[in-house]
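Chemist: Mind having a look at this structure? Questions to follow.
The numbers here are math on the coordinates, done by the rules we state, and not lab data. No experiment lies behind these values; they were computed from the predicted model shown. FYI the Cβ positions are ideal-geometry reconstructions off the backbone, even for glycines, and counts take in every protein chain you see.
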Amino acid sequence: MASQLLSRATYFAGGIPSLRKLHRDSTTTNNHVAFVHTRPIAEGANLIWGRQLRPSLLLDNLSAKRETVRPTYAAASSSPAGGSDSAGEAKVTPAGFFEKYPALVTGFFFFMWYFLNVIFNILNKKIYNYFPYPYFVSVIHLLVGVVYCLISWVVGLPKRAPIDSTLLKLLIPVAFCHALGHVTSNVSFAAVAVSFTHTIKALEPFFNAAASQFILGQSIPITLWLSLAPVVIGVSIASLTELSFNWTGFISAMISNISFTYRSIYSKKAMTDMDSTNVYAYISIIALLFCIPPAVIVEGPQLLKFGFNDAIAKVGLTKFVSDLFWVGMFYHLYNQLATNTLERVAPLTHAVGNVLKRVFVIGFSIIVFGNKISTQTGIGTCIAIAGVALYSFIKAKMEEEKRQTKVA
C-alpha cells in the first residue's frame, strides 16, 4: 500500500527538508488512504497521511516522477461511500477565502465594526432630536437584538447553547450592569453632544484600574496609573469648556462608566466555555427584562400622552418605525461584530482598535451634526484620547507578557 501511494502522488517542492512532520491518522477504509487537512500554512497545505511512512521508503522513491501539489483542503472522509475512486485518491476542494486572505478578512471586520458603530451613533442621536425618550429607545435597542438572536437560533446560525441555573445566576449580574450602563449611556446621548459623551466615556479605563486595585485587590503598576493622568486631565478640560454641557449628560455618562466596569468584574467571574455569540444573546435577553420596568415607569405616561404622537407628527409613522428598527439592528450588529473582530487579533491590536473607534465616532459625529466645539474642548478631547491610547498600549503589553510567561 505504501509503494502504491508513493507512486501516485508525492509532494516534494524542495526535497526532504521541505517536508512537514507526517502524522498518523487512524482513518483507513478498504485500503484507501485519507488525506485530512489540519490548518493552512503560508506555502502549502498541511496534510495528515492515512498511514505513517518510513523515511527509508521516501528516500527510495526520490527518483519517482514529482508532481507539485497545490494547497488544498482534502475531504475528511474518502471512503467509497464518500465518492473516492478505486485508487485511493481523496476528493479535494480549493482553500476558502477566509483561510487564503486572513489579513484582508480581519481588516474588513474592523471596517464593518467602525462603520456600524458610527452609523448607530449618528442615527441614535437623530432619533433623540425628535423623540427624546432614552429609556424607551434603550429597550428597542435590546428588543431588536433579542429578536435577531431568537431567529438566528431557530435557523441554527448559531445553534443555541443550553444554559443551566448555575450559569444563569452568573450571567444575571453581568446583564444587570450591561442594562444599567446601556440606559445611562443613552440618557447621556440624548442630553449632550455625542462627541462629549464619548469623551467622558474615555474615563472607563480609569474606573477599571480603580476597581481592579481596590475591589479585586490586584496590584496596578505605577506606569498604568501615570498613563491615566492625561485621560483625567483631558476629560476635565473638555468638560469645563463643552458648549452642550449639562449635569444630566455628565452624570449619566459617569454612571455608565461605573456600570461597565462592574460588568467587566462580573464577566470574569462568569467565565464559561460557551461561545461569545450565545453568551451575548443570553445577556441581551436578561438585560431587556431589566430595562422594561424603568422604561414603563419613567417614560410610559408621557409616551402614551404625547410622545408617540409628537414623533409621528414630525417624521411620519413609517420613518419613525424604520428608524427604531434600524438603530436597534445597528446596535446589536456592531456589538456582536466587535466581539467577533477582537477575537481574531492580539491584545495590542484590540487596544488600538478600541481607541481608533472612539476617534472615528467623535470625528464623524462632529462633522455630521455640525457641533461647535471650543478650542479647549478639542484640546481636552485629544489629550484624553492620547491618554487612553497610552494606557491601552501599556496594558496590552503587560497582558501579552503574562500570556507568554504562562506558555513558557
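Chemist: Can you work out the PRE-style zone for Lys372? Point 7 Å along Cα to Cβ, and I want the residues of region 244-268 with backbone N under 15 Å.
Modeler: Backbone N within reach: 244-245.
Chemist: Shape verdict for region 196-244, please, from the Cα gyration tensor: rounded (a/c under 1.5), prolate (a/b greater than b/c) or oblate.
Modeler: Cα axes put region 196-244 in the prolate bin.
Chemist: Reported to two decimal places, what Rg/Rh ratio describes region 96-176 when computed on Cα atoms with Rh from the Kirkwood expression?
Modeler: Result for region 96-176 is an Rg/Rh of 1.08.
Chemist: If you take the Cα Rg of region 318-408 and divide it by 2.2 N^0.38 Å, with N the number of residues, what do you get?
Modeler: Rg over 2.2 N^0.38 Å, computed on Cα atoms: 1.44.
Chemist: How large is the Kirkwood hydrodynamic radius of region 101-405, in angstrom, based on all distinct alpha carbon pairs?
Modeler: For region 101-405, inverting the mean 1/r across all distinct Cα pairs yields 20.3 Å.
Chemist: Right, something else. Over region 101-405, what is the relative contact order in percent, taking alpha-carbon pairs closer than 8 angstrom and at least six residues apart? Before the final figure, lay out each step's value.
Modeler: On the way: 357 pairs, mean separation 116.9, N = 305.
So the answer I get is 38 percent.
Chemist: Sorting check: for 284-297, 379-392, 210-223, 190-203, which peptide has the highest mean count of neighbouring beta carbons within 10 Å, and how do the rest follow? Working shown, then result.
Modeler: Numbers: 284-297: 18.1, 379-392: 21.7, 210-223: 11.9, 190-203: 24.4.
With the highest mean Cβ count within 10 Å placed first, the list reads 190-203, 379-392, 284-297, 210-223.
Chemist: Okay, moving on. Please list, by residue number, everything in region 362-396 whose backbone N is under 15 Å from a paramagnetic label point 7 Å out along Cα→Cβ of Gln213.
Modeler: Label zone hits: 391, 395.
Chemist: Once you have a ≥ b ≥ c as the square roots of the Cα gyration tensor eigenvalues for region 194-346, tell me rounded if a/c is under 1.5, and otherwise prolate or oblate according to whether a/b is larger than b/c.
Modeler: Verdict is oblate for region 194-346.
Chemist: Cα-Cα over 31 Å: which of Lys269/Lys357; Lys269/Lys395; Lys159/Lys201; Lys269/Lys397; Lys126/Lys268?
Modeler: Lys159/Lys201; Lys126/Lys268
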